1. For the pairs K339/K387; K449/K485; K449/K475; K14/K449; K181/K490; K292/K487, flag any whose C-alpha to C-alpha distance is greater than 20 Å.
2. In the chain, what % of DSSP beta bridges are antiparallel (nearest 5)?
3. Where a Cα-Cα gap under 15 Å defines reach, which aspartates and glutamates qualify for K124, not counting those fewer than 8 residues away within the same chain?
4. Would you give the gap between the C-alpha center of region 91-134 and the C-alpha center of region 208-248, rounded to a whole Å?
5. Averaging sequence separations of C-alpha pairs under 8 Å and six or more residues apart, then dividing by the length of region 10-492, give the relative contact order as a whole percent.
6. Let a ≥ b ≥ c be the square roots of the eigenvalues of the Cα gyration tensor of region 10-492; is it rounded (a/c under 1.5), or, if not, prolate (a/b larger than b/c) or oblate?
7. At 0.36 nm per residue, and after removing the present C-alpha to C-alpha distance, how many nm does the segment from T447 to S245 gain when stretched out fully?
8. On full extension of the chain, what length is gained from A189 through E335, given 0.36 nm per residue of separation minus the C-alpha to C-alpha distance?
Amino acid sequence: MSEPFQITRIPSLKTVEDFRQHVASLGLDLPCEDAIVCGPESPLAQPLPGILVNGKRIGNRWAVQPMEGWDGTTTGGATDEVRRRWRRFGQSGAKLIYGGEAMAVCANGRANPNQLVITERNRKDLAGIREILVQAHRERYGTADDLVIGFQLTHSGRFCKPNDPKRPEPRVAFRHPILDKRFNVTSDAQVVTDAEVGELVQCYVGAAGIARDAGADFVDIKHCHGYLLHEFLGAFSRPGKYGGSFENRTRILREIISGIRADGNKIELGVRLSAFDLVPFKPDPARSETGKPGPGIPEDFSCCLPYRFGFGVNQNNPLELDLTESFRFVELCGELSVKILNLSAGSPYYNPHIQRPAAYPPGDGYQPAHDPLIDVARQINCVRQLKARAPKNLALVGTAYSYLQEYLPHVAQYVVRHGWTDIVGLGRVVLSYPEVLADATTRGALTPKFICRTFSDCTTAPRNGMVSGCYPLDKFYTARPEWQKIKALKKSAGA
């Protein structure tokens, strides 16, 4: 039996030149700069020109991405764990807090029973965590006048587990020939009706009003990672006014925005988009061992060609991108006065390697089939292409930087300096090292012991009903009893 692909670990690359040579050996277009620039001259320290969000100019070029902790109350309110996370977001130095974490617009749209829910009942809690973030930022950096904070609005769709973390209660945009088998979709009754879509639109409108009252500068209307609104973008096979044509598949976004404005709400708007998708992947059974998954391979899609079940994917070969409609979506966001478009890819549930490249898979994932830098470069270059076509009134946030580790600042500087993206979005790395780019732009160096090594325990934990966090590197989580459970899970999986 052949062994899974052996990765060249980023920490083993001791110099920028080592990193460059490794990138070149993979044939990638992934440039970086020689040294980290410190102080006000850093490209990452520059305010974002030309675009104001709620009257504020975003004060630098990095953002904290939305990350759920699976640690709210059962009614969707904040806990001490949530408050700690938001405080650390404020301490990060990022001047754009893109969503904080996904907030369900209705209780039955939660991905887990402890997800935040943006309802009137929880408005005070949401205002409170925002204020904690602002105060932490002001104490550390002197001012929050250039800090922009959004709330991410979501419905989890196919991945709903609102009442029990072990019991899926999926609602879908259409029947999917591969994913239905994986996620307990067995009946057409689980497909959201047009009438239910209308009710859901009103939930988004109401949630945007609560976000405004809680002090958010903008709301993100989440269209990524296989959740419901992202799934609607791939609803080619759905009949009626929400399926088929591009106009129909983007109707929900237009209805939500028009509803927010009709409500008299002038809150600013953002969209987080999976700009492309691929078919679902699975561990290679021929290369899997007892308790240890093999490298990822695509599911057999021969029975569902043309592949009319995704967005930004080549329907004739769904292992390839097709950004034709992604370009149209960028243009649409400009027309709808969306201020920020945050770009991601795929789904952590069925093809995580293209969305969050990692050296180590989560407990229910698969081993890398190739160097994760290939997936990093794919996302960065996708954003570059979309940025070249984006209207001037739209700021783009790029994703997939955590895997770069020591060389994250070097690549981030290059892509911002050269206009490949407006803002660099940071996700998992912020859990272990909130100040990663603040340190880079002030000290010119990172603290290696805090750098995220993509162990994926922040994903393994919630997939097993535990709160999310960086268990290996954040002592707050290392001290929790869940850490022993995660280590036992990994040991049983042969990790």
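1. Values: K339/K387 13 Å; K449/K485 23 Å; K449/K475 12 Å; K14/K449 15 Å; K181/K490 26 Å; K292/K487 14 Å.
Exceeds cut-off: K449/K485; K181/K490.
2. On the way: 7 of 38 bridges.
Of the beta bridges lying entirely in the chain, close to 20 percent run antiparallel.
3. Here the aspartates and glutamates satisfying the reach criterion relative to K124 are D80, D213.
4. The distance from the Cα centre of region 91-134 to that of region 208-248 comes to 18 Å.
5. Details: 1038 pairs, mean separation 81.4, N = 483.
That works out to 17 percent.
6. Details: a/c = 1.24, a/b = 1.08, b/c = 1.15.
Rounded is the answer for region 10-492, as its axis ratio a/c remains below 1.5.
7. Numbers: separation 202, 0.36 × 202 = 72.72 nm, distance 4.95 nm.
Computed gain between T447 and S245 is 67.8 nm.
8. Details: separation 146, 0.36 × 146 = 52.56 nm, distance 3.48 nm.
49.1 nm is the gain from fully extending A189 to E335.
Every read-out reported here was derived from the displayed coordinates using simple, explicitly stated rules and does not represent laboratory data. Given the structure is predicted, the values throughout are model-derived calculations rather than measurements. Counting neighbours? That spans all protein chains shown, and the Cβs are built from the backbone with ideal geometry, glycine included.
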